[in-house]
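*Asks:* One structure, pasted below without further comment.
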Amino acid sequence: MDPNQNQQTFNLNSNSNPHQYVFNTPRAPYQGQPESSLQQQQPLPQFESFPQPQPSTQSSLHQTLQSNPHDPYKNKTIHNLPSRDHVRSFFSGNFIQNIKHLDMAPTSAVPSQLNFITGNKNKLAEVQAILEGVIELRNQNVDLVEIQGTVEEVTRDKARRAAEAIQGPVLVEDTCLCFKAMNDLPGPYIKWFMLALGPLELHHMLDGFDDKSAQAVCTFAYCEGPGHEPVLFQGRTDGKLVASRGPTVFGWDSCFEYGGTGQTYAEMEKSEKNKISHRGKALDKLKGWLARRVDV
Ligand SMILES: O=P(O)(O)OP(=O)(O)OP(=O)(O)OC[C@H]1O[C@@H](n2cnc3c(O)ncnc32)[C@H](O)[C@@H]1O
Ligand SMILES: [Mg+2]
């Protein structure tokens with residue numbers, strides 16, 4: 001057997017679950033890769049925007065489905081490859097019930113009307129404009145708790161909470177603004193700096209630094225429903241933090257000077273911003289993925 005692939009196949013031939021499952025146990029958790037331990041056979045490509053897993057030198061096989069100790073999903077964590085007894089009990093009479101306690105990769109078609117969960121009207125308008133003709137978006141403003149962590153962790157968690165809240169498929173997005181001089185902070189916490197400082201004062205955050213370079217990062221997550229593993233799509237655009245120029249309608253648009261044109265996002269036409277923006281790039285990846293999956 002391939003030393004990097006630890007795989008067992010199980011056939012379930014009951015009427016309620018006539019699928020074959022592959023039990024994958026990657027050698028170590030890795031960022032941006034599927035964390036589910038159960039996938040239906042012929043798994044779909046899941047993390048189109050992230051690198052492929054690197055084989056780990058770690059000898060013990062383990063898999064982390066969720067690592068935040070304060071998270072309601074913490075019980076889904078498998079730290080080590082289960083013992084023989086553990087496996088036997090897992091696949092005993094409670095097998096179907098046990099499956100429900102693991103995050104599963106998306107397996108169904110994406111509905112042609114998709115719930116985009118956001119409370120940000122400007123975000124919504126951009127996403128609707130970029131996805132026009134690709135998929136119909138419905139918006140629900142659900143007040144979602146946002147955890148602390150990397151943007152991938154924050155977005156994944158947001159998607160799981162949103163899917164739980166509406167009990168169905170969801171699209172969510174989280175936006176970061178990262179300052180190189182601050183080792184990528186404030187990142188996912190930019191919202192709180194925006195609320196405290198506003199677009200006219202934000203640039204003062206880098207007053208003590210020569211390096212004003214910044215990166216806008218947008219991460220979308222699609223989650224098929226409660227208990228399913230979110231799929232991520234990420235886009236990044238380089239620029240600089242500058243004193244506000246242009247309309248202060250949308251977040252830090254007037255403080256982010258796009259490297260390509262020297263204009264702030266706020267000085268650009270919306271359609272021009274969408275072509276080069278962090279959000280536009282992430283949605284290009286999502287569009288490619290949806291093209292093969294939307295339920296028409
Ligand atoms: O309900 P959600 O989707 O979470 O909406 P939000 O406004 O809370 O958004 P985030 O959590 O992603 O926080 C990102 C912050 O960055 C701002 N922002 C997001 N996208 C932006 C963009 O393209 N240009 C400028 N500011 C943006 C946004 O207004 C927030 O202050
Ligand atoms: Mg938010």
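*Asks:* I need a count of the residues in segment 271-291 that are open to solvent by 20 Å² or more (accessible area, probe 1.4 Å) and under 19 Å from the mean Cα position of the chain (by Cα).
*Replies:* Residues that pass the stated criteria total 6.
*Asks:* Quick one: how many residues across segment 170-197 are more than 26 Å from K275 (Cα to Cα) and open to solvent by less than 40 Å² (accessible area, probe 1.4 Å)?
*Replies:* Of the residues in segment 170-197, 1 are more than 26 Å from K275 (Cα to Cα) and open to solvent by less than 40 Å² (accessible area, probe 1.4 Å).
*Asks:* Moving on to the next point. What's the number of the condition F116 fails, among (1) in contact (Cβ under 8 Å) with a residue 60 or more places away in the chain; (2) surrounded by 15 or more Cβ atoms within 10 Å (Cβ to Cβ)?
*Replies:* Unmet condition: (1).
*Asks:* A further question follows. In the list A129, A163, A159, which residue meets the criterion of being in the same structural domain as R279 (by TED's automatic domain parsing), more than 10 Å from ligand 1 (Cβ to nearest atom), part of a helix (DSSP H, G or I) and open to solvent by 30 Å² or more (accessible area, probe 1.4 Å)?
*Replies:* A129
*Asks:* Okay, moving on. Exactly one of these conditions fails for G149: (1) touching a helix residue (DSSP H, G or I) at 6+ places or on another chain (Cβ under 9 Å); (2) open to solvent by 40 Å² or more (accessible area, probe 1.4 Å). Give me its number.
*Replies:* (2)
*Asks:* Has segment 139-155 got at least one residue that is within 13 Å of ligand 2 (Cβ to nearest atom) and part of a strand (DSSP E or B)?
*Replies:* no
*Asks:* Is it the case that segment 262-272 has a residue that's within 16 Å of ligand 2 (Cβ to nearest atom) and more than 29 Å from S112 (Cβ to Cβ)?
*Replies:* no
*Asks:* If I filter segment 156-168 down to residues being free of Cβ contacts under 8 Å to residues at least 60 places away in the same chain and not polar (S, T, N, Q), which single residue comes out as farthest from ligand 2 (Cβ to nearest atom)?
*Replies:* Filtering first and then ranking leaves G168.
*Asks:* Looking only at segment 241-270, count every residue that is open to solvent by 60 Å² or more (accessible area, probe 1.4 Å), free of Cβ contacts under 8 Å to residues at least 40 places away in the same chain and among the polar types (S, T, N, Q) and tell me the total.
*Replies:* Residues in segment 241-270 being open to solvent by 60 Å² or more (accessible area, probe 1.4 Å), free of Cβ contacts under 8 Å to residues at least 40 places away in the same chain and among the polar types (S, T, N, Q): 2 in total.
The values are calculated or read from the model by the stated rules, or taken from the named source; none is laboratory data. It should be emphasised that the depicted structure is a prediction, and the values quoted were computed from it without experimental measurement. Every residue, glycine as well, gets a Cβ built from its backbone with ideal geometry; the counts of neighbours run over all protein chains shown. In case anyone asks, the SASA skips ligands and DNA or RNA and just uses the protein heavy atoms, side chains included. Shrake-Rupley method; radii C 1.70, N 1.55, O 1.52, S 1.80 Å.
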